[in-house]
Amino acid sequence: MKFLEENLLDHLQRPEFAELLSSLSVKQFSKGSFLCQPGQKDNFIFILASGRVRVYLGYEEKEFNLGILTKGDIYSTHAGTFVQALENTDVLMTDVTTFRREMAKDSEVTKAMVRVLGNILKTSFSIIDGLVFKDANSRLVAFLTGEARRHGIKEDDGIRVTIDLPVEQIARLVGSSRQTVSTLLNDLVRAELIIRSGRGTFVIPDISLLESVGGVEHT
Ligand code: HEM
């Protein structure tokens, strides 16, 4: 069905949506300007008519891109995210009340919303995953290399270090869960960054390499 393949914007050009379209006002944003920022009280829904914007979270110097919106994508100013024009961009805007009254029931609008929000959710999951995983990983590596540098014994195949703690206790030391630490240890073994050598003992073939992979600085 051609109708379903239409971009939301083309869809809104159809004669039966003339009234609905007139409830949307065109707004222009120049490259680099913000359509919205967290904490703003505006409550608008907008559809991109042209250009590209990026949706992101920002904390101090850190920025996490959640997605890039292009023509036909729909989004809102109340999502608590930054939305910044990557190029000169035109949007069709309406307030939440008008959107609910005129557009919320339209299946093409729903489809566009699901597409945008689904993609943003997917990216959010991978950001959360990365933050949690990378954090725990570097804490675990810092713990292992710290123990190895303090108490390890230099041998032909690397530094032998005896941790002699159950995974659960290592997890508590590095502020993570038993499952995560167990997965991370297996990953390190698979990557040959550590070698299991009996109960509670590991051999670290190249401690500097392990530190650099874990983002740990040797002090
Ligand atoms: C495609 C983008 C979006 C559209 C079209 C949209 C639209 C709407 C509409 C129409 C309402 C009013 C619902 C009602 O009163 O019955 C609403 C409420 C709300 N939206 Fe969105 N939204 C979008 C994205 C988001 C995102 C990404 C977030 C959060 C991350 C969000 C958070 C909320 C919250 C918390 C409310 C409830 C506000 C309240 O009742 O005080 N929305 N949204």
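The values are calculated or read from the model by the stated rules, or taken from the named source; none is laboratory data. Because the structure is a prediction, the values reported are computed rather than measured. Using ideal geometry, Cβ is built from the backbone for each residue, glycine included, and neighbour counts are taken over all protein chains shown.
Considering every residue within the range 198-215, establish whether at least one is in a helix (DSSP H, G or I) and basic (K, R).
Looking only at the range 198-215, we keep the residues that are in a helix (DSSP H, G or I), and these are 207-213.
From what is left, the residues that are basic (K, R) are none.
No, because not a single residue in the range 198-215 is in a helix (DSSP H, G or I) and basic (K, R).
I'm trying to understand the selection: among the residues of the range 197-219, which are among the charged types (D, E, K, R) and either under 15 Å from G152 (Cβ atoms) or modelled with pLDDT of 95 or more (or both)?
Initial filter on the range 197-219 (among the charged types (D, E, K, R)): 199, 206, 211, 217.
Selection gives D206, E211.
For residues that are within 12 Å of the ligand (Cβ to nearest atom) and among the hydrophobic types (A, V, I, L, M, F, W, C), tally how many sit in the range 62-75.
Going through the range 62-75 one residue at a time, the tally reaches 3.
Only helices (runs of 4 or more DSSP H) wholly contained in the range 1-65 count here; list those with 3 or more residues that are at pLDDT below 95 and among the aliphatic types (A, V, I, L, M).
Those helices (runs of 4 or more DSSP H) span 8-12, 18-22.
Filter the range 96-150 down to the residues that are within 11 Å of the ligand (Cβ to nearest atom) and of a type in the set (V, I, T) and list them by number.
Within the range 96-150, V96, T97, T98, V109, T110, V114, V116, I120 qualify.
Pairs only if they're at least six apart or on different chains, beta carbon under 6 angstrom, first in the range 102-119 and in a loop (DSSP other than H, G, I, E, B), second crowded, with 16+ Cβ neighbours inside 10 Å; list them, first residue then second.
Every condition considered, the pairs that remain are M103/V109.
Can you tell me which residue is surrounded by the most Cβ atoms within 10 Å (Cβ to Cβ) among those in the range 76-95 that are within 11 Å of the ligand (Cβ to nearest atom) and within 27 Å of the chain's Cα centre (by Cα)?
Looking at residues that are within 11 Å of the ligand (Cβ to nearest atom) and within 27 Å of the chain's Cα centre (by Cα), I get V83.
Give me the pairs, please: first residue somewhere in the range 78-100 and acidic (D, E), second residue anywhere and near the ligand (Cβ under 8 Å from one of its atoms) and part of a strand (DSSP E or B), beta-carbon distance under 9 Å, and either six or more positions apart or on two chains.
Pairs that qualify, where the first residue is acidic (D, E) and the partner is near the ligand (Cβ under 8 Å from one of its atoms) and part of a strand (DSSP E or B), are D95/I45.
Of the conditions (1) without any contact (Cβ under 8 Å) to a residue 12 or more places away in the chain; (2) closer than 28 Å to S126 by Cβ; (3) away from the ligand (no atom under 16 Å from the Cβ), Y59 fails just one. Which one is it?
(3)
Are there any pairs with C-beta distances below 7 angstrom linking a residue in the range 202-214 that is without any contact (Cβ under 8 Å) to a residue 60 or more places away in the chain to a residue that is in a helix (DSSP H, G or I) and surrounded by 15 or more Cβ atoms within 10 Å (Cβ to Cβ), with the two at least 6 apart or on different chains, and if so which?
As it stands, the answer is F202/L144, since those pairs meet every condition given.
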